[in-house]
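Structure record follows, encoded as structure tokens.
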Amino acid sequence: MSLTIGNPAPEFELMNQHGDKISLASFQGKKNVVLVFYPFSFTGICTGELCALRDDLSLFQNENVELLAISCDSVAVQRAYAAQEEYTFPVLSDFWPHGEVSKAYGIFNETRGCPTRGTFVIDKEGILRWQVLNSIGEARLLEDYKAALAQL
């Protein structure tokens, strides 16, 4: 299941790697949001994707855009992962209720207990403007994110 472009994105509130609550609504009227779901912390493809975002962070986290990464790992795992990889953007935990936000976005893999690779660009009004959905083993292209943000 995928969401419909032009409709409101599902609201959520999750804890980041520091234990702070982050909600989608907190960015409404202020920033566009790039929401990146990834299967598991400390894994090859996931780390490669998030490090690519980290290395080009000024495009994805600035006065107009906020980058939020989400997996079903616990806050403690997210903290260790973000510290190890030097992620300064929020790394959110969809741990409990397990995968609730991933399910709301239609990308939870019941068999593996994790989200598939989904990226959603949400505008300042909370409207979904772009999405890409990849399988667990298929990395996303950074250029696609850049093109989607250029359209806002």
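Summary of computed values
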{"read-out": "Residue among GLY19, GLY29 that is part of a loop (DSSP other than H, G, I, E, B), closer than 16 Å to ARG129 by Cβ and of a type in the set (Gly, Ala, Ser)", "value": "GLY29"}
{"read-out": "Extreme residue, nearest to GLU11 (Cα to Cα), among residues of the stretch 134-152 that are of a type in the set (Gly, Ala, Ser) and assigned to a helix (DSSP H, G or I)", "value": "ALA148"}
{"read-out": "Number of the condition not met by LYS103 [criteria: (1) assigned to a loop (DSSP other than H, G, I, E, B); (2) modelled with pLDDT of 95 or more; (3) over 23 Å from LEU152 (Cβ atoms); (4) not β-branched (Val, Ile, Thr)]", "value": "(1)"}
{"read-out": "Qualifying residue in the stretch 74-81 (condition: more than 24 Å from GLY113 (Cβ to Cβ) and of a type in the set (Val, Ile, Thr))", "value": "no"}
{"read-out": "Residue match in the stretch 130-145 (condition: β-branched (Val, Ile, Thr) and modelled with pLDDT of 95 or more)", "value": "no"}
{"read-out": "Some residue of the stretch 57-77 being free of Cβ contacts under 8 Å to residues at least 24 places away in the same chain, in a strand (DSSP E or B) and over 24 Å from GLU138 (Cα atoms)", "value": "no"}
{"read-out": "Any pair with Cβ under 9 angstrom, 6 or more apart, that starts in the stretch 138-152 at a residue that is within 21 Å of THR116 (Cα to Cα) and ends at one that is of a type in the set (Ser, Thr, Tyr) and outside any loop (DSSP other than H, G, I, E, B)", "value": "ARG140/THR119; ASP144/THR119; TYR145/THR119; ALA148/THR119"}
{"read-out": "Of all residues in the stretch 97-133 being farther than 16 Å from PRO10 by Cβ and either without any contact (Cβ under 8 Å) to a residue 40 or more places away in the chain or among the charged types (D, E, K, R) (or both), the one that is surrounded by the most Cβ atoms within 10 Å (Cβ to Cβ)", "value": "ARG117"}
{"read-out": "Number of positions in the stretch 1-51 that are surrounded by fewer than 17 Cβ atoms within 10 Å (Cβ to Cβ), at pLDDT 95 or above and hydrophobic (A, V, I, L, M, F, W, C)", "value": "4"}
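The values are calculated or read from the model by the stated rules, or taken from the named source; none is laboratory data. Note that the structure is predicted; figures quoted are calculated from it, not measured. Virtual Cβ from ideal backbone geometry, glycine too; neighbours counted across all protein chains shown.
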